[in-house]
Amino acid sequence: IVTADDTPIGEIKQSEGSEVFAFVKQELEEVLPLLPAAHSSAVGEYYGRFTKATAHFLLAKLALNAKVYSDNNWEANGKNPAGSTDFTINGQNIGAWEATIAYCDSIRKGGYKIQASYSSNFSMNNEGSEENIFVIPMDPSTYRAVNFNNYVRTLHYIHGTAFGMGTWNGACATQELMQVFGYGTDTPDPRLELCFFTGKVTGPDGNYIKGEDGTSDFEYLPMRARLEMGGADEDKRAGARWKKYEIDRQFQGSGEYVHNDFALFRYADILLMEAEAQLRLGNQAPALTLVNEVRSRVNAPARTSLTLADIEEERILELSWENWRRNDAIRFGTFTRAYTVKPESEAYRIVFPIPEDVLSSNTNLSQNQGYK
């Protein structure tokens, strides 16, 4: 933990995870009364800036993950963290799950709500979304240094070229992710087609894009994705690709400078966090109500019962590609599991290693447990 920018490297001490957790928690609690109640996603004085709702969101995340973050022995307890902590709200000392609910309720009182259209949160003109709590403002003219590489990194060259992008044909969804979304079944989740390109795709003219031969339709192969792939054409088209944000036809560069603000914190996540906390407290009914509020927006059928595994699945369906999967998988104890052809990982990998150049610059530091 470093609080001054002139602290010599040799004086920096290594901090336990629980210490960092306590420090961040205290900082948020102390700054909360000083923050404005404005909406960060609305263009104006506080557009893209830290507000009360942003702090409440982070405190809810801290409370929800408190048992993990306050456990320093992650290697031994990777799937069953032993840490725990209490929160003080309005002078009352309450548990982490109750605190999660309280922070989520504070955001609800701030006027946030589920947008009628799921995709409107990710459109080119998504400023002012009543669901987006904290965003990274994007505009190729005003914020030229801020790039948004998701489409560049995922789309096949042929697909990207049809829209004038210089794409890399990189990241794709795993087979397991497609199974959660119900790909290939008679009842896929409605968010599948909103979040992923699967099968044949159309270009800006609305017609199917042609493959390398110029005659057959180009087609992604979602269930061909695996850890190691060769150079065959089918391998190059393996895996469902990212689709969530509206493609900006007015992009700059190779497709990395766009107008869509990136939604970091959403109100739908608040509902799912509160649902999880309620379920962990044994409160099935309110948890169901919250989950089904999120599902109803995309006309997904209501659930009639819930388990923690169901909550994890709901978070995958609603929040895919929104940077929460690693955080969630660690909390649910599924981060180290085997998938596709990847074997199960060691528990210590839920924490990153310290880079070698950092270790060599400060003798006060030692490598995180498990790494050599």
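The values are calculated or read from the model by the stated rules, or taken from the named source; none is laboratory data. Only a predicted model underlies this, so the values are computations on that prediction, with no experimental measurement involved. Methodologically, a virtual Cβ is constructed for each residue, glycine included, from the backbone with ideal geometry; neighbour enumeration extends over all protein chains shown. SASA here: full protein model, heavy atoms, side chains in, ligands and nucleic acids out. Shrake-Rupley method; radii C 1.70, N 1.55, O 1.52, S 1.80 Å.
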Revision key, fill the gap. If we ask which residues in segment 219-237 are assigned to a loop (DSSP other than H, G, I, E, B), surrounded by fewer than 17 Cβ atoms within 10 Å (Cβ to Cβ) and in contact with a helix residue (DSSP H, G or I) (Cβ under 6 Å, 6 or more places away or on another chain), their number turns out to be 1
Exercise for review: List the helices (runs of 4 or more DSSP H) that sit entirely inside segment 1-120 and contain at least 1 residues that are farther than 22 Å from Arg349 by Cα and under 21 Å from the mean Cα position of the chain (by Cα).
Suggested key: 17-31, 52-64, 96-108
Check your understanding: Checking Arg249 against (1) closer than 25 Å to Ser117 by Cβ; (2) modelled with pLDDT of 95 or more, which test does it fail?
Key -> (2)
Practice item. Just name the residue that is nearest to Ser320 (Cα to Cα) out of those in segment 271-285 that are open to solvent by 50 Å² or more (accessible area, probe 1.4 Å) and part of a helix (DSSP H, G or I). Key: Arg280
Review point. Residues Asp186, Asp139, Asp105: which one is open to solvent by 40 Å² or more (accessible area, probe 1.4 Å), more than 24 Å from Glu274 (Cβ to Cβ), among the acidic types (Asp, Glu) and modelled with pLDDT of 95 or more?
Key: Asp186
Point to revise | Candidates Phe134, Phe148, filtered to the one that is in contact (Cβ under 8 Å) with a residue 60 or more places away in the chain, part of a strand (DSSP E or B) and either within 19 Å of the chain's Cα centre (by Cα) or within 14 Å of Trp321 (Cβ to Cβ) (or both) | key: Phe134
Practice item. Would you mind stating whether Gly128 is on the phi > 0 side of the Ramachandran plot, part of a loop (DSSP other than H, G, I, E, B), open to solvent by 10 Å² or more (accessible area, probe 1.4 Å) and touching a residue at least 40 places away in the same chain (Cβ under 8 Å)? Key: yes
Review point. Does Tyr245 fit the bill of being over 22 Å from Lys61 (Cα atoms), of a type in the set (Phe, Trp, Tyr) and open to solvent by less than 30 Å² (accessible area, probe 1.4 Å)?
Key: yes
Revision key, fill the gap. Across segment 194-205, the tally of residues that are open to solvent by less than 50 Å² (accessible area, probe 1.4 Å) and either assigned to a loop (DSSP other than H, G, I, E, B) or at pLDDT below 95 (or both) stands at 3
Practice item. Could you grab me the full set of residues in segment 12-42 that are loosely packed, with under 12 Cβ neighbours inside 10 Å and either within 20 Å of Leu264 (Cα to Cα) or touching a residue at least 60 places away in the same chain (Cβ under 8 Å) (or both)? Key: Lys13, Ala37
Revision key, fill the gap. Quick count over segment 109-123, residues being surrounded by 15 or more Cβ atoms within 10 Å (Cβ to Cβ) and either on the phi > 0 side of the Ramachandran plot or at pLDDT 95 or above (or both), is 9
Study note, to complete from the structure: The residue that is nearest to the chain's Cα centre (by Cα), considering only those in segment 347-363 that are exposed (fewer than 11 other Cβ atoms within 10 Å of the Cβ) and touching a residue at least 12 places away in the same chain (Cβ under 8 Å), is Phe352
Point to revise | Residue pairs meeting the criteria (Cβ under 8 Å; at least 6 apart or on separate chains; first in contact (Cβ under 8 Å) with a residue 40 or more places away in the chain and open to solvent by less than 10 Å² (accessible area, probe 1.4 Å), in segment 154-168; second part of a helix (DSSP H, G or I) and of a type in the set (Ser, Thr, Tyr)) | key: Gly160/Tyr151
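Per-residue answers, yes or no, for (1) without any contact (Cβ under 8 Å) to a residue 24 or more places away in the chain; (2) at negative phi; (3) not small (Gly, Ala, Ser):
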| residue | (1), (2), (3) |
| --- | --- |
| Asp189 | no, yes, yes |
| Asp205 | yes, yes, yes |
| Ala225 | no, yes, no |
| Ala238 | no, yes, no |
| Lys243 | no, yes, yes |
| Gln250 | no, yes, yes |
Exercise for review: Test each condition in (1) closer than 20 Å to Tyr183 by Cβ; (2) part of a helix (DSSP H, G or I); (3) not polar (S, T, N, Q) for Ala300 and report the one that comes out false.
Suggested key: (2)
Review point. On the given criteria, is Ala268 among the small types (Gly, Ala, Ser), assigned to a helix (DSSP H, G or I), touching a residue at least 40 places away in the same chain (Cβ under 8 Å) and touching a Phe, Trp or Tyr at 6+ places or on another chain (Cβ under 9 Å)?
Key: yes
Review point. When both residues are 6+ apart or on different chains and their Cβ atoms are under 6 Å apart, which pairs have a first residue that lies in segment 299-318 and is free of Cβ contacts under 8 Å to residues at least 40 places away in the same chain, and a second that is surrounded by 15 or more Cβ atoms within 10 Å (Cβ to Cβ) and among the aromatic types (Phe, Trp, Tyr)?
Key: Glu312/Phe332
